[in-house]
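What follows is calculated from the coordinates using simple rules that are stated; it is not laboratory data. As the structure is a computational prediction, the values presented were derived from the model and not from experiment. Cβ coordinates were reconstructed from backbone atoms using ideal geometry, including for glycine residues, and neighbour counts include every protein chain displayed.
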Amino acid sequence: MQRVNVASLARFADDKMQKVTLFDNPRFFCDVYCLKPGQAQRVHSHRDADKVYYVLDGRATVQVGEEEDVVEAGVAVLAPAGSAHGVSNRSADPLTLLVFMAPQTSHR
């Protein structure tokens with residue numbers, strides 16, 4: 001059984017959002033994204049893969065397609081394959097998210 005202590009792996013950096021890989025295989029990945037206030041993941045898309053953002057702690061501004069919403073801890077958002085998506089931290093507090101994508105793509 002593979003196990004990880006998610007909280008102990010969270011890390012933040014002043015220069016950019018941090019991605020910490022929890023699980024990674026040819027079928028999917030699961031990461032923790034860590035964003036300080038003002039940091040963001042650029043809006044992008046994956047033609048053949050769905051992505052899920054799950055807010056662990058903080059408040060995320062999530063964009064999927066033309067929609068944008070502020071999402072709090074305990075809420076998950078689906079970015080279907082082909083849709084433009086991204087996340088930012090416009091709050092004054094750190095933000096951590098679990099991020100799942102399947103199927104795995106060659107670039108993350």
Exercise. Considering only residues that are farther than 16 Å from Q41 by Cβ and in contact with a strand residue (DSSP E or B) (Cβ under 9 Å, 6 or more places away or on another chain), look in the stretch 53-75 and name the one that is surrounded by the most Cβ atoms within 10 Å (Cβ to Cβ).
Key: D57
Practice problem: For V4, indicate whether it is within 12 Å of the chain's Cα centre (by Cα) and either in a strand (DSSP E or B) or free of Cβ contacts under 8 Å to residues at least 60 places away in the same chain (or both). | Solution: no
Exercise. Filter the stretch 27-48 down to residues that are touching a Phe, Trp or Tyr at 6+ places or on another chain (Cβ under 9 Å) and hydrophobic (A, V, I, L, M, F, W, C) and give me whichever is farthest from T105 (Cα to Cα).
Key: L35
Quiz item: What about L98, is it surrounded by fewer than 14 Cβ atoms within 10 Å (Cβ to Cβ), aliphatic (A, V, I, L, M) and not in a loop (DSSP other than H, G, I, E, B)?
Solution: no
Quiz prompt | Per-region count, the stretch 65-108, residues touching a Leu at 6+ places or on another chain (Cβ under 8 Å) and within 21 Å of K16 (Cα to Cα) | solution = 8
Quiz item: Could you give every pair whose Cβ atoms fall below 7 Å, whose first residue belongs to the stretch 12-27 and is over 19 Å from D93 (Cβ atoms), and whose second residue is among the hydrophobic types (A, V, I, L, M, F, W, C) and in a strand (DSSP E or B), counting only separations of at least 6 or pairs across chains?
Solution: T21/F29; L22/C30; L22/V32; F23/F29; F23/C30; R27/A102
Quiz prompt | Residues that are among the polar types (S, T, N, Q) and either more than 14 Å from V55 (Cα to Cα) or surrounded by fewer than 17 Cβ atoms within 10 Å (Cβ to Cβ) (or both), drawn from the stretch 76-95 | solution = S83, S91
Quiz item: Among the residues of the stretch 59-72, is any closer than 29 Å to Q2 by Cα, more than 10 Å from the chain's Cα centre (by Cα), not β-branched (V, I, T) and not in a strand (DSSP E or B)?
Solution: no
Practice problem: Only residues that are part of a strand (DSSP E or B), within 20 Å of D15 (Cα to Cα) and of a type outside the set (V, I, T): list them for the stretch 73-95, please. | Solution: G86, S88, L95
